[in-house]
Amino acid sequence: MAKFLTTLALKDADNKDDGRWIVSRPLRYVSDVAERKIVVPKGFRTDLASVPRLPIIFLLCGDTSSEAAVVHDYLYSTQQVRRRMADAVLLEASRITGVPAWRRYMIWAGVRLFGWFHWK
């Protein structure tokens, strides 16, 4: 059963309000779709969900599951799974953290359409 084994702990990366964060203790997640335990290490830098700050888009998709976003950022950074799998893990982890279906599929569609830019 997919689940987070630890809670997310973050600290501001540079004491600026620029959306950059550092994981302050390992975040552990067991994924059914990736069939593995994913450990985001202490010290990993993230911007959480990379949602454009355009008002309607951010209102609909921003500031949702930080846990899922950190795992997704880590998978994109390490590329330990294929991009399609990393995006499926985002969808799975968003469901586990209670993001409504309409919102998680909207976020998933966004990373499928535009995530290639960050993957490279």
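The values are calculated or read from the model by the stated rules, or taken from the named source; none is laboratory data. Not measured: the values here are computed from a predicted model. Note: accessible area is taken over every heavy atom of the protein model, side chains too, but ligands, DNA and RNA are not part of it. Shrake-Rupley method; radii C 1.70, N 1.55, O 1.52, S 1.80 Å.
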- Message: Being more than 19 Å from Phe4 (Cα to Cα), modelled with pLDDT of 80 or more and over 14 Å from the mean Cα position of the chain (by Cα) is true for just one of Arg112, Arg82. Which residue is that?
- Response: Arg82
- Task: Could you list, in sequence order, all residues of segment 22-62 that are among the acidic types (Asp, Glu) and modelled with pLDDT of 95 or more?
- Result: Asp32, Glu35
- Selection within segment 95-120 - open to solvent by 60 Å² or more (accessible area, probe 1.4 Å) and part of a loop (DSSP other than H, G, I, E, B): Lys120
